[in-house]
1. Tell me which residues, restricted to segment 148-161, are out of contact with any strand residue (DSSP E or B) (no Cβ under 9 Å at 6 or more places or on another chain) and either modelled with pLDDT under 95 or part of a loop (DSSP other than H, G, I, E, B) (or both).
2. Go through (1) over 17 Å from residue 49 (Cα atoms); (2) part of a loop (DSSP other than H, G, I, E, B); (3) touching a residue at least 24 places away in the same chain (Cβ under 8 Å) one by one and return the number of the condition residue 128 breaks.
3. With respect to residue 194, is the statement that it is over 30 Å from residue 116 (Cβ atoms), surrounded by 17 or more Cβ atoms within 10 Å (Cβ to Cβ), in contact with a helix residue (DSSP H, G or I) (Cβ under 6 Å, 6 or more places away or on another chain) and in contact (Cβ under 8 Å) with a residue 24 or more places away in the chain true?
4. Determine if segment 197-211 includes at least one residue that is touching a helix residue (DSSP H, G or I) at 6+ places or on another chain (Cβ under 6 Å) and within 18 Å of residue 4 (Cβ to Cβ).
5. Name the residue, out of 108, 53, 44, that is surrounded by 15 or more Cβ atoms within 10 Å (Cβ to Cβ), modelled with pLDDT of 95 or more and closer than 17 Å to residue 242 by Cα.
6. Since residue 158 meets every condition but one in (1) closer than 26 Å to residue 260 by Cα; (2) surrounded by 17 or more Cβ atoms within 10 Å (Cβ to Cβ), which condition does it not meet?
7. Out of contact with any helix residue (DSSP H, G or I) (no Cβ under 8 Å at 6 or more places or on another chain), within 19 Å of residue 20 (Cα to Cα) and in a strand (DSSP E or B): is that true of residue 232 in this structure?
8. crowded, with 17+ Cβ neighbours inside 10 Å, in contact with a helix residue (DSSP H, G or I) (Cβ under 8 Å, 6 or more places away or on another chain) and closer than 18 Å to residue 5 by Cα: is that true of residue 222 in this structure?
């Protein structure tokens, strides 16, 4: 990837801009509106949203007020855990479109998998949710479809469906690489996206990352975003600060050397959220 406008290409040939602007934990209202407008002004063309973030009305307003043509943007949202199942997913999607005031989504994801220790019918629940998303995709209201936080055993149940997942958005950052999940996705042509590519800020003072970033005259945040890209993982950095929004996208004028990539890859577990898809209580 050489510039912010470059794209990964999904299994259905849909192009997805290589860095997304995350909106998790962005306060609803003017803060979210301004952040989205600033991101678009700085060149982002990929906006990552979700119903549970509670700010989709403001995100949609930011998109409209940006003045950019809808067709120039790639907009993602996600169905939340209490909306699993066929009809509930259809209803959730309709609400998201209404809140964003959009006619279609570029990408729609199952936010978290149902899992066995909590749901005896977890595979059926995931499949029914997936069937709804597939039908929306086939109707032309979603250009690409995928999942989030799915481990290989969750993904396996969906691989024999009419339209397999095209994206898996997972926690991925230095110290949290999820090797087995990434390998499964690579084998099955599923693009990996990285939520929390900066470890939700927990990595910014890491001594190793700080020393490597200094070699390139870059911030730790920029190093983490670039590291994701060099692993062919799509990062979703987030900020509400104009300078940080711009900084997080300024990662195309350097390349991390092989030995530095290896040093980062070899970091022991650090900066993780502690959220495990088979143990979350929400």
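1. 157, 159, 160, 161
2. Result: residue 128 passes all but (2).
3. no
4. Yes, segment 197-211 contains a residue that is touching a helix residue (DSSP H, G or I) at 6+ places or on another chain (Cβ under 6 Å) and within 18 Å of residue 4 (Cβ to Cβ).
5. On the way: 108 fails: closer than 17 Å to residue 242 by Cα; 53 fails: closer than 17 Å to residue 242 by Cα.
That would be 44, the only listed residue that is surrounded by 15 or more Cβ atoms within 10 Å (Cβ to Cβ), modelled with pLDDT of 95 or more and closer than 17 Å to residue 242 by Cα.
6. (1)
7. No; evaluated as a whole, the condition is false for this residue.
8. Working: crowded, with 17+ Cβ neighbours inside 10 Å: yes; in contact with a helix residue (DSSP H, G or I) (Cβ under 8 Å, 6 or more places away or on another chain): yes; closer than 18 Å to residue 5 by Cα: yes.
When the stated conditions are applied, residue 222 passes them.
The values are calculated or read from the model by the stated rules, or taken from the named source; none is laboratory data. Bear in mind that the values here come from a model prediction, so they are computed numbers and not experimental data. As a convention, Cβ positions derive from the backbone with ideal geometry for all residues, glycine included, and neighbour counts pool all protein chains shown.
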